[in-house]
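A.B. asks: This is the structure I have questions about; it appears just below.
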Amino acid sequence: MLILAKSVLSLMIGFLVSIILGIIIVPMLRRSHIKQRVSIYLEDSHKKKDGTPTMGGIIFILAVFISIITLLLFDKIEFTPNLFIVFFVFVSYALIGFLDDYLSIKRRTNVGLTSLQKLFLQLVIALVFFFIYMKSGNEPLLEIYTLNIKLNMGWFYGVYILFVFVGGSNAVNLTDGLDGLAGGLSAIAFLALGIIAWGSGWVSGYQDIAIFCFVLVGALLGFLIFNTNPAKVFMGDTGSLALGATLATIAILTDHEITLLAVMGVFIIETLSVILQVIWIKVFKHKLFLMTPLHHHFEKLGIDEREIVKGFWVVGFILAMAGIAFGVWI
């Protein structure tokens, strides 16, 4: 009963702080002319979104930051090395995304940091993760309980962390193309990982990681009030990169990387659609999808944006619940 109470209260704290910050930050972004430039290849329905404030990820990032710091100050959670890793990755990737968004806005294009610059910054974060992880007495083990696999990866574990980071952050970033799509799917994914974290009793600070997840779920729900169709603000790379990398971090710390494939199922499908499109064009000289990521394919088929988002949320929820069943129950 105490676990349930803590989870609900954490969610509520994140939700309320996020709404308050949204009311303050959205008008500030609008007055500062921090606007999104919509791609010329998108449907006409997207043209009216041109000029919508971006970098809205600041709302839920600050909401989580304020909520977690407050909980720490009141001794409601413990600042364990694993919680520090989650917090560090979340804030660091938010800063990468912020810098990427800032450069895009300053140059008045959709081009911010180069791929090489992003990779270098992500490498630094992965190395810090690896250093703290090892200093905390953990072993560089890849464990897949279902398949009875336990592999000591040594120094290569740092490379593995980077790989999961890049995959997770890019997957959420690619999915952030329709109003409320990435935010809603992320809320579902963190809800699932929060439940999984509560069941990961062998992990140091597992309860604090779970509370972090529920605070973030609440913050995302608060953000969705401003981000669902018609969106008053977009999360930008500031939010999407932080969400993807943090999902990856929690999965690594709780030894649920395989479960993450289900929990992030829609994000992964979206990413695969882009990869398949590139391969298909090179091999067969024509498109497999009308447009990628996959949500744009359905738009080209004439399906309303809101219906696509709702459909993807439903699929994401089913896959997340399957991930919980696999990671905790089965």
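A.B. asks: Starting with the fewest neighbours, write out LYS300, LYS135 ranked by other beta-carbon atoms found within 10 Å of each beta-carbon.
C.D. replies: LYS135, LYS300
A.B. asks: Can you put ASP179, ASP255, ASP304 in order of Cβ neighbours within 10 angstrom, beginning with the fewest?
C.D. replies: Taking fewest neighbouring Cβ atoms as first place, the list is ASP304, ASP255, ASP179.
A.B. asks: Suppose each label sits 7 Å from its Cα in the direction of the beta carbon; what would the ILE132-LYS287 distance come out to in nanometres?
C.D. replies: 4.3
A.B. asks: Quick check: net charge around GLY57, other residues with Cβ under 10 Å of its Cβ, Lys/Arg +1 and Asp/Glu -1?
C.D. replies: Every neighbour counted, the sum reads -3.
A.B. asks: Using a cut-off of 13 Å between beta-carbons, work out the net charge of the residues near LYS118 (Lys and Arg +1, Asp and Glu -1, LYS118 not included).
C.D. replies: For residues surrounding LYS118, the net value is -3.
A.B. asks: Where does the charge balance sit around GLY97 when Lys and Arg score +1, Asp and Glu -1, over other residues with C-beta under 13 Å from its C-beta?
C.D. replies: -3
A.B. asks: How would you rank LEU243, LEU99, LEU127, LEU191, going from fewest to most other Cβ atoms within 10 Å of each one's own Cβ? Walk me through the numbers on the way to the answer.
C.D. replies: Numbers: LEU243 34, LEU99 17, LEU127 13, LEU191 24.
By the 10 Å Cβ count, ascending, the order reads LEU127, LEU99, LEU191, LEU243.
A.B. asks: Stick to Cα atoms and the Kirkwood definition of Rh, then tell me Rg/Rh for the chain. Kindly include the intermediate steps, with their values, before the conclusion.
C.D. replies: Details: Rg = 19.2 Å, Rh = 20.1 Å.
With Rg and the Kirkwood Rh in hand, the quotient comes to 0.96.
A.B. asks: Where in the chain are the DSSP H helices whose C-alpha atoms run 20 Å or more along the long axis and whose mean Kyte hydropathy is at least 1.6?
C.D. replies: 2-31, 57-73, 115-135, 181-198, 206-227, 265-284
A.B. asks: Scan region 86-166 for chymotrypsin sites (Phe, Trp or Tyr not before Pro) in coil per DSSP, keeping those whose Cβ has at most 10 other Cβ atoms within 10 Å, and list them by number. Walk me through the numbers on the way to the answer.
C.D. replies: Details: sites: PHE87, PHE88, PHE90, TYR93, PHE98, TYR102, PHE120, PHE129, PHE130, PHE131, TYR133, TYR145, TRP155, PHE156, TYR157, TYR160, PHE163, PHE165; in loops: TYR145, TRP155.
Of the chymotrypsin sites (Phe, Trp or Tyr not before Pro), the ones in loops of region 86-166 whose Cβ has at most 10 other Cβ atoms within 10 Å are TRP155.
A.B. asks: Report, ordered by chain and residue number, the lysines lying within cross-link reach of LYS6, taken as a straight Cα distance under 30 Å and ignoring same-chain residues fewer than 8 apart.
C.D. replies: Filter leaves LYS76, LYS135, LYS310.
A.B. asks: Stretch SER32-MET153 to full length: gain in nm at 0.36 nm per residue minus the Cα-Cα span? Spell out each step's value before the answer.
C.D. replies: On the way: separation 121, 0.36 × 121 = 43.56 nm, distance 4.75 nm.
Extra length available between SER32 and MET153 comes to 38.8 nm.
Any read-out appearing in this document is the output of simple, stated calculations on the displayed coordinates, not a laboratory observation. Predicted model only: the values in this text are computed from it and were never measured. Cβ atoms come from the backbone with ideal geometry, glycine included; neighbour counts cover every protein chain shown.
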